[in-house]
Structure formats: structure tokens, C-alpha cells
Amino acid sequence: MATGKVIWGRGVILILFIVYQGIRSEQNVALSKPSEQSSDQGRPDLVASKVVDGCLDRKMDNGCCTHTQGSGPKTAWWRVDMKELMTINSITITYTNTVERRDRLAGYHLYISNTTSTPQDGTLCYVDTSSTIDEVQLVVTHQCPFVGRYVTVYNYRTEPLRQSWYYQYALLELCELQVWGCPSACYGGNCNSTTGACFYCFTGTYGDFCNMTCPANCKDNACEKDTGTCVETDIYSKSGLFCCISNARDQMQNVTKRWISIISDLSSSYIVRRLEFITNFVRIKRSGFLR
Ligand SMILES: [Ca+2]
């Protein structure tokens, strides 16, 4: 019977976890953010920004995709700068379907980073290791539970090719990349799916995006999320209601310490001089000068 209860309890926990995952709220934090890529194909409508324009159309001529240089490069990359640290849950890649491109996308890497020194900076979230061309998915979502500012799609070609069916050059024909997550300032990693506003803030911050600091006189550094009003005021803080009492108390303590120091110095000096006088008196007395 007891075992049954334990199993039932685990089931409840599992169900709660699934429900939590189901109601997790997040937004595409890459939408309309600055982006760049290793090279341009040449057509003005096939540029890096098309990958974060919100258009999921996969036909290359419809103006929703990009295209890096097609012949020659052995490496290719595309990167988005989300402008701040984001708590990422997953990333959805949408690749062109104008013609069969699986052999071109195959072998790509997905990185999350805080720097851009190289296209391979940061954490490798996913690498495509498809062993056949049919395994390569052109629209796919990868779980990437990391915190970072940049997301980079990177690919390369070697001689010999990692797979014999790979296209010989490295190029990217991305139509959209969606990064599902929230600003890292959001407590719990949840936010409004439309505005990106945080549901909760960490202690000490407030505002829609939890990017403002609670007033210094808030007790335990806690304030209301929307207004920044202290949940409870620390009345003895430097900026609290009794700030003057607090300041006066500190000043009194400083003055007291100073007087104690002065008196101590004077006392020490007096005692030393008295000892010197007694020592000299005894020395003179012993010499017989004084009778
Ligand atoms: Ca697009």
C-alpha cells in the first residue's frame, strides 16, 4: 500500500512537471534583433536580417530568407545578437525548401555565446550528425537550455567530406531562426509571450523587464514589481524615515571613538613621563647626589 502511494506521488509530480512545461511562457527573443553572416550571395533581398524578420515563408524568391555565398567557402555562419543575456529554452530553425537543400544544411552546428571572437564561441547546443540525407530536418526545434546573448549557426566542409553526400561547399540558406526564451532578468525564466515582460523579478529589481533597482531603504532589498515601492521600509537605513537619527548615532560613535583615542594617547604619554621621572629619580638617588 505504501509503495502504491509513492508511485502515485511520483505520478503527480510527473504530471505537474508536464503541465508546467505546457504552460511555460516565453517569446521569440531573436525577433528583429541585429544579425550578420559570413558572406552575402549578392542579391539585396537575401540578407542576414531576413532570418529574424518573423516571416516563415520558405521559398527563396519570396523575400523571407537569406543566402550566403554559394560556391567556394569552406565555412559559413549566421549570427543574431539578442542585445542582452537571454534564458533560452529552445531554438527553431526554418530552412528554405525552394529545392532540395538537405545536403547543404547537413552537418551544421548551433552555438550559444556571450562573445563573438569566432563563430564557434560559447556552448555547442546542437550538431547535426545525420548519417543519411533523409535524416536532415529542414524545419526543426532543438532544446537549448542555456543563457547567452548570441546564437550562431555554423557549418564547414572538409576534404574528404564528413559524409560523402554532403554538398562540397559551406553555405546557409536560412529563412527564419526563432529563439524561444525570456530576458535573464526574469525570475523563473518566464515572460509574456507577446511583450517579453517578466512575470516575476529577482529580489532587488522591479519593472516590466526587471531592469530597475529597488530603493536603498527597502527592508531586505524587496520592492513591488510594478511600482518599485518597498514591501517594507527599513526605517533605520541611511535613506529611511529615521535617517537623521541613524546618521547622528554614527556621528556620535565616531566622536566618542576619537575622544577615547585622544585620552588614551594622553594617558600613555603621562604614564611614560611619570615612569621616566621615577627612574631618573632612583638613579640619581643611588648615585648619592641626593642625601
Ligand atoms: Ca524570415
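Miscellaneous remarks
- Karplus 3J(HN,Hα) series, Hz, for segment 106-113 with 6.51 cos²θ - 1.76 cosθ + 1.60 (x for Gly, Pro): 3, x, 6, 10, 10, 10, 10, 8
- Amide H contacts under 5 Å for residue 107, placed H, 5+ residues apart: 128, 130
- Formal net charge of residues neighbouring residue 218 (Cβ-Cβ distance under 12 Å; K, R +1; D, E -1): -3
- Dipole-positive endmost among 86, 49, 62 within segment 24-187 (Cβ charges, Cα centre): 86
- The loop-placed GluC sites (Glu not before Pro) in segment 100-179, going by DSSP, that have at most 16 neighbouring Cβ atoms within 10 Å of their Cβ come out as 100.
- Options 105, 166, 152, ranked by Cα towards positive dipole end of segment 101-220, top entry (Cβ charges): 152
- Inter-part distance, segment 157-208 to segment 82-113, computed on C-alpha centroids, equals 9 Å.
- Backbone amide hydrogens, once placed in the peptide plane, bring residue 202 within less than 5 Å of 187, excluding anything fewer than 5 places away on its chain.
All of the numbers you see were taken from the coordinates with simple rules; none came from a lab. These figures come from a predicted structure and were not determined experimentally. We place every Cβ from the backbone using ideal geometry, glycine too, and count neighbours over all the protein chains shown.
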